[in-house]
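The structure appears below as C-alpha cells.
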Amino acid sequence: MYMSPNQRVKDSWLDHGFFVLAGAAAVWLAFLLVGESLQLGWGQLWSWVVFWAFLAYLLLPRLHRILTTIYVPGYFIGRARTSDGLLGDPVNAALLGTERQIHAIMRRAGWTMADDVTFASSRRIVSSTILRQSYEQAPVSPLYLFDRQQDFAYQQEVDNNPGKRHHVRFWRCPEGWMLPGGHKVDWLAAGTYDRSVGFSLFTLQITHKIEQNTDVERDHIVRTVSEGEPAVRVHVIKDFSTGYHSRNGGGDSISTDGDLPVVDARLVPVPASGEAAQTDSRDRRPAPTLVGAALVVGRALAALALAVTLFTSSGEFADVTLGGGPADAQTTTAAATLVGILVLVFGLGEVFLAWRIFLGSNAARVIAMGLSSLAILVQAIDASTGTTSITLEAGLAGLATDILVLLALSSQRARIYAKRQRVPAVPPALAPRRLPS
C-alpha cells in the first residue's frame, strides 16, 4: 500500500504520541503499584517481584527509549542498539557473500544457529542456565541496526553452559549502502563473548554479561571461519573506528582497537539448487505484537463475560435497584439487555481486532492503541477529580491491561512489523542520509 510523505509524517506523529503517552501511563502505573505494595505490607514479596518486573522490563526500557530517541544518533556509528534505544555491542566484522554462503561458512566453522526468541525458547534458556544444562541453540536478545533486529545469529556454547558462549549477530546491509569510506559489504556482524549472567546496569533486567575486550571475540570468529573454509578470504580495514572504552546496553564495559575485518565468502561453494528465499527479521512476528494481541483478547473476554452477566442477571438487577415495580423492572431489564448487546458487539469487535493485530494490520494496531488511550485518559480524569479510586480490588487490573496494550503495540518492534509492507522502498538517489532510529 502506497503512502504519501504527508501520510507518513502523520503516522509518525501519531506513533510518537502513543509512545510518549504509554511512557507517562507506565509511570502512573508504577506509582499505583508501589502504593498497593505498601498497603499489602513488606511481607508480600510477590507484590515487589511484580513491581521489579514492571520496572525492569516495561517502565525503564520505555523511558530509555524516549530519551535515546532524542540524544542517540540514528545514523551508522559502528554500534548496534538495544530495543530500548541504548547503544549495544560494537559492529566488529563485515562480510561479502550471499546468505547461503554466510550460513555455510559459519556451520563449517563449528557454529550453531541460535533459535528465535519465543516464549518456549526463553523458558528453556532460563531453566538451562539455572540448572546448567546444555542448550546449543539458545536465543540471543535482539539488537538493532538499520532500524531492524539481527537477521540471524550464531553461537558456540562453552562447557555445556548456556551462561557462557561465543555469539555473533548478522544484519543484511540495505541495497546500495556502503560503509563510511566507500567500502561495499553485504553483511555487518557484532560478536561478543558471554561470560556470565547478571543484572543490567541500566534496566535491572536479567541478562548476559559480556567480556570487556571484544577484539578477542572478533578474532575468534575470523579465525574459526578461516580455518573451517579455505575459500574464505579476509582483509582488514585498519582504524575503521576510533578505539574506545565504553559500555554496552547492559552496562558492561567494552573496548576495541577499531579495526574491522572483512570476510569475503563469495568464492565459497554452495549447492545451486533449491535456493532459499532471503530472510528478513522484519517479517517475523515480534513478541510485543503477540502480547498486544493476547491482551486485547483478554479485554474482549472480560467484555463478553460482562455481556453474559447482563443478559442473565438483568431481572435480578431490576428487583434490587427498583424494588420489583413491573413497569420500572421492564424498563431496567430492557436497558440492561441493550447495554449487554452493545458490550457483546464491543467484545466481538475486540476479538476481530486482536486477530488483525496478530496478522500485522497497522490500522488494527492504531485502533487498539486509541481505545486503550481513551480508557486510560478517562480513568486518569476520574482519579484526579476523586470520582473513583483505583485499587487492586477496583479498576487497577483494567487500567494495567490498557497500559500494557499501549506499551506493547507502541513499541518499535510492533510498529516496524505492522508497517513493514506499508512504506515502499525509497530509491537510493532519494534516500535520506540519516538512517531511521
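The values are calculated or read from the model by the stated rules, or taken from the named source; none is laboratory data. Note that the structure is predicted; figures quoted are calculated from it, not measured. Note that each Cβ is placed from the backbone with ideal geometry, even for glycine, and that neighbours are counted across all protein chains shown.
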- Query: What pairs come up if the first residue lies in the stretch 152-163 and is without any contact (Cβ under 8 Å) to a residue 12 or more places away in the chain, the second is part of a strand (DSSP E or B) and crowded, with 17+ Cβ neighbours inside 10 Å, and their beta carbons are under 9 Å apart, counting only those six or more places apart or on different chains?
  - Reply: V158/K164; V158/R165; V158/H166; V158/Y193; V158/D194
- Query: In the stretch 187-234, how many are under 20 Å from R266 (Cβ atoms) and not in a helix (DSSP H, G or I)?
  - Reply: 9
- Task: With the condition kept exactly as written, say whether any residue in the stretch 374-397 is touching a residue at least 60 places away in the same chain (Cβ under 8 Å), among the hydroxyl-bearing types (S, T, Y) and in the same structural domain as V34 (by TED's automatic domain parsing).
- Result: yes
- Message: Can you tell me which condition T256 does not meet? The list is (1) among the β-branched types (V, I, T); (2) closer than 19 Å to H166 by Cα; (3) modelled with pLDDT under 80, and all the others hold.
- Response: (3)
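Every residue, every condition in (1) surrounded by fewer than 17 Cβ atoms within 10 Å (Cβ to Cβ); (2) within 18 Å of the chain's Cα centre (by Cα); (3) part of a loop (DSSP other than H, G, I, E, B), yes or no:
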| position | (1), (2), (3) |
| --- | --- |
| Q101 | no, no, no |
| A104 | no, no, no |
| G110 | yes, no, yes |
| S127 | yes, no, no |
| I130 | yes, no, no |
| Q133 | yes, no, yes |
| V140 | no, yes, yes |
| Y144 | no, yes, no |
| F170 | no, yes, no |
- Kindly indicate whether any position in the stretch 368-390 is touching an Asp or Glu at 6+ places or on another chain (Cβ under 7 Å) and at pLDDT below 85. yes
- Task: Tell me which of these S196 doesn't satisfy, since it passes every other one: (1) within 29 Å of F54 (Cβ to Cβ); (2) crowded, with 20+ Cβ neighbours inside 10 Å; (3) of a type in the set (S, T, Y).
- Result: (2)
- Message: Need pairs with beta-carbon distance below 8 Å; first residue at positive phi and within the stretch 171-188, second assigned to a strand (DSSP E or B); sequence gap 6+ or separate chains.
- Response: G181/I237
- Task: Please go through the stretch 214-235 and pick out each residue that is in contact with a strand residue (DSSP E or B) (Cβ under 9 Å, 6 or more places away or on another chain) and basic (K, R).
- Result: R218, R233
- Message: So in the stretch 147-171, with the set limited to residues that are touching a Ser or Thr at 6+ places or on another chain (Cβ under 8 Å) and among the basic types (K, R), which one is modelled with the highest pLDDT?
- Response: R148
- Message: I need a count of the residues in the stretch 56-76 that are farther than 19 Å from S410 by Cβ and either assigned to a helix (DSSP H, G or I) or in the same structural domain as L407 (by TED's automatic domain parsing) (or both).
- Response: 1
